[in-house]
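Just so it is clear, none of the values below were taken in a lab; they were calculated from the coordinates. Predicted model only: the values in this text are computed from it and were never measured.
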Amino acid sequence: QDVINKIAAGEIIVAPVHALKELIENSVDAGATQLEVVVKDGGLKLLQITDNGHGIDKDDLSLLCERFTTSKLKAFEDLQSIETYGFRGEALASISHIAHLTVVTRTAESSCAWRAQYADGKLVPPKPGQSAEPKSQAGRQGTQITVEDLFYSIPTRRRAFRSHSEEYAKIIDMVGRHAIHCAHVGFSCKKHGESARSLQIPVNASTVDRIRAVHGTQIANEVVHWTTSNERWGFKADAWVSNANYSVKKTILLLFINHRAVESSAIKKAIDATYATFLPKGGHPFVYLSLEIEPNRVDVNVHPTKREVNFLNEDEIIEAICDEIRSELAKVDT
Ligand code: ADP
Ligand code: MG
């Protein structure tokens, strides 16, 4: 109860991509090495993600969509040392309140898969008069989450999405980010009913191959890889950044902090300023930056809708990263 009271309430899914991000994180947390995404109408009609992770125990299905039900946090003290942001136990609950949610899952121990449907946090029968209890069916190990009619319960929000292709572009971007970051996971993403995939990354692809598949050959040919760590400020950085020969119209910043895709306007601003002296006027960089910061230095209580993260010694850490970028850029500059 204490845990529940201390966690900030209200994970809000603003657009289909936010639901998808939560689902991708869950699959990765479940140890999946293959992740397939199918989308219809920019995710508003259908968002389906199939993974080969460890699956969900049948006994856990009845409480799966209850708020703050998480298998990732046992006590409030864990909040201090939590390695991931996937601790809130609010994503599936939130989704079940604004969409039709179906889960099909099988663990290694189970002799069959189980299908469960949810509304408003609870198991519901697939059709009126039927039982709400999970039903057995054939299926492989892993989990398939199907989100249908997102925002059906908030018609004004649903109507606010004018362009399905815009929402799809955000989804592809989110899958692409994770495909680059999760170097030991295969990804695919396609529109429902189409056989061609918008994105396909084999499980064994290298990071450069992943960057090439998502952002094109030109960027892939001009990125340099570096890592740095700093005990004083308690961080490690692993980065692939474009060199001085390359520039794009808008900064591409793929930022992960402790393996969660996040935004940081402070980092973005500093990176842009660092490149500005090396690139032709109006040119911007490609930067994929994975930061590991001691969890107790990261502020996880920033409001979830903002997706912005703050951390201790932000200025010092950002300066150390920009120093690294500067020395890489100076190498290529002739
Ligand atoms: P959280 O990720 O914060 O724990 P979620 O609402 O996202 O909360 O998920 C609730 C729980 O459902 C997770 O803790 C996990 O046990 C289980 N779960 C969700 N998605 C998957 C998945 N793809 N594979 C295995 N377990 C999952
Ligand atoms: Mg989650």
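Listed values, structure above:
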{"quantity": "Relative contact order (percent, whole number), the chain, Cα cutoff 8 Å, 6+ residue spacing", "calculated": "16 percent"}
{"quantity": "Karplus-derived HN-Hα couplings along the range 101-114 (A = 6.51, B = -1.76, C = 1.60, θ = phi - 60°), whole Hz, x at Gly and Pro", "calculated": "10, 10, 10, 10, 8, 8, 8, 5, 7, 7, 8, 8, 8, 10"}
{"quantity": "Extended-chain gain in nm, criterion 0.36 nm per residue less alpha-carbon gap, Ala108 and Thr217", "calculated": "35.3 nm"}
{"quantity": "The chain - Rg (one decimal) and Dmax (whole number), Cα, Å", "calculated": "20.9, 74"}
{"quantity": "Among Ala169, Ala239, Ala119: highest mean-square fluctuation, GNM of the chain, C-alpha pairs under 10 Å", "calculated": "Ala169"}
{"quantity": "Full-extension gain in nm, Val224 to Asp209, via 0.36 nm per residue minus C-alpha separation", "calculated": "4.1 nm"}
{"quantity": "For the range 2-201, the fraction of alpha-carbon pairs in successive 5 Å shells from zero, as %", "calculated": "1, 8, 15, 19, 21, 18, 12, 5, 1, 0"}
{"quantity": "Among the listed pairs Lys45/Lys269; Lys72/Lys268; Lys236/Lys268; Lys72/Lys250, those beyond 28 Å (Cα-Cα)", "calculated": "Lys45/Lys269; Lys72/Lys268; Lys72/Lys250"}
{"quantity": "Per residue convex hull volume, Cα atoms of the range 94-187, in Å³", "calculated": "136 Å³"}
{"quantity": "The range 217-332: equivalent-ellipsoid semi-axes (sqrt of 5 x gyration tensor eigenvalues, Cα, Å)", "calculated": "24, 15, 12"}
{"quantity": "Gln34 long-range amide H proximity, modeled H, under 5 Å", "calculated": "Asn52, Gly186"}
